[in-house]
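Asker: My questions all concern the structure below.
The values are calculated or read from the model by the stated rules, or taken from the named source; none is laboratory data. These numbers were taken from a predicted model, which means no experiment stands behind them. Because the Cβ atoms are built from the backbone with ideal geometry, glycine has one as well, and the counts that use them run over all protein chains shown. These accessible areas exclude ligands, DNA and RNA; they are computed on the full protein's heavy atoms, side chains included. Shrake-Rupley method; radii C 1.70, N 1.55, O 1.52, S 1.80 Å.
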Amino acid sequence: MTNPLKTVRTYFATRRQLRDREARLNRELAAYDTPSARMDMEAILARHSSHEAREIEAILRRQALSTTLRNHG
């Protein structure tokens with residue numbers, strides 16, 4: 001039987017790793033902040049399946065929305 005405390009610790013460690021990974025990916029993708037850089041990234045993503053590109057596309061959409069709101073809000 002699995003120790004419940006160990007299970008909880010593992011869960012929180014995994015969540016922390018996922019958040020760190022997503023934060024790092026957000027920072028890296030923030031560099032694609034010009035129209036030409038975004039077109040380059042879209043061309044790269046077009047070579048991959050929608051399943052593979054889904055996470056990156058979602059981050060790019062959130063960043064674009066954030067930029068739009070910041071510039072017009």
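Asker: Please report, in whole Å³, the volume per residue of the convex hull around the C-alpha atoms of the chain. Kindly include the intermediate steps, with their values, before the conclusion.
Answerer: Values: hull volume 8.4 nm³, N = 73.
Convex hull of Cα atoms, per residue: 115 Å³.
Asker: If one takes the longest principal axis of the Cα atoms in the chain, at what angle in degrees, from 0 to 90 and to the nearest 10, does the Cα axis of helix 50-72 lie?
Answerer: Roughly 60 degrees between the two axes.
Asker: Which trypsin sites (Lys or Arg not before Pro) in the chain pass both tests, a DSSP loop state and at most 15 other beta-carbon atoms within 10 Å? All intermediate terms of the calculation are to be shown ahead of the outcome.
Answerer: On the way: sites: K6, R9, R15, R16, R19, R21, R24, R27, R38, R47, R54, R61, R62, R70; in loops: R47.
Qualifying residues, ordered by number: R47.
Asker: Still on this structure, please answer the following. Please name whichever of A43, A30, A13 sits farthest to the positive end of the charge dipole of the chain, dipole taken about the Cα centre and charges placed at Cβ: Lys and Arg +1, Asp and Glu -1.
Answerer: So the residue we want is A13.
Asker: Further question: Taking the Cα centre of the chain as origin and charging only Cβ (+1 Lys, Arg; -1 Asp, Glu), how large is the dipole, in debye to the nearest 20?
Answerer: Details: 14 positive and 9 negative charges, 100 e Å.
Here the size comes out at about 480 debye.
Asker: Which whole-number value in Å² is the accessible area per residue of the chain, probe 1.4 Å? Mind dumping the intermediate values first?
Answerer: Details: 6250 Å² over 73 residues.
Per residue, the chain has 86 Å² of solvent-accessible surface.
Asker: While we're here: Report, to the nearest whole %, how much of the accessible area of the chain belongs to carbon and sulfur atoms, 1.4 Å probe, protein only. Can you show the working numbers first?
Answerer: Numbers: 3530 of 6250 Å².
Carbon and sulfur together cover 57 percent of it.
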